[in-house]
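The values are calculated or read from the model by the stated rules, or taken from the named source; none is laboratory data. Computed from a predicted structure; not experimentally measured. Neighbour counts are summed over all protein chains in view; Cβ atoms, including those assigned to glycine, are modelled from backbone coordinates with ideal geometry.
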Amino acid sequence: MVWAGSALIAAIAIGLPVAAWWFSRDLKPPRQPMGGPGPRFDRVDRWLFDRYQLGVLDRWRVRQAVFDGRTLSEPVLRGAAHDLATDVLVGKVGGFVRRGGWILIAEGAFIVAAAIVVTVIRNDYAFLAPVLVGLPQLVLGEMSRRRTRQALERARQLNE
């Protein structure tokens, strides 16, 4: 029986890398457009590139300043940071950054609701233990949402 377990572990340890190599040997690298905005290209980067034609480093600096609530020294970057903070607050731009807090809140609410439903169905209070995970997640989600909004408002005021 020990030999069978050892053989299974050896087959996985050898077979998995061989299978990965076999399937990926003919893959080509992803295409990168020449002179494009760079590898990182989400909604915020797309907005900054389309509106201000900023390079990768400048887009990163503007993004960090806006979401950390800081000011920038260059006038062009200050204008971009002000406009970006305004559009994120309004909801035109943002993507995951705006939804991060809401995702945590929804996840925590689902955990709490599922624990309550299972407790009612099974009639066993031990199934309420996941509530100890869900409730703090609700609080963290709201704190994250408020912190992001405060940083955006601070960046909008500082970069006028």
Hey, among 18, 44, which residue is outside any loop (DSSP other than H, G, I, E, B) and either over 30 Å from residue 97 (Cβ atoms) or at pLDDT below 75 (or both)?
18
Leading residue by the ranking (farthest from residue 109 (Cα to Cα)) among those in the range 132-149 that are within 16 Å of the chain's Cα centre (by Cα) and of a type in the set (Gly, Ala, Ser)
144
Which of the residues belonging to the range 50-74 are acidic (Asp, Glu), assigned to a helix (DSSP H, G or I) and farther than 22 Å from residue 148 by Cα?
50
Give the residue that is surrounded by the most Cβ atoms within 10 Å (Cβ to Cβ), with candidates limited to residues of the range 75-115 that are of a type in the set (D, E, K, R) and modelled with pLDDT under 90.
98
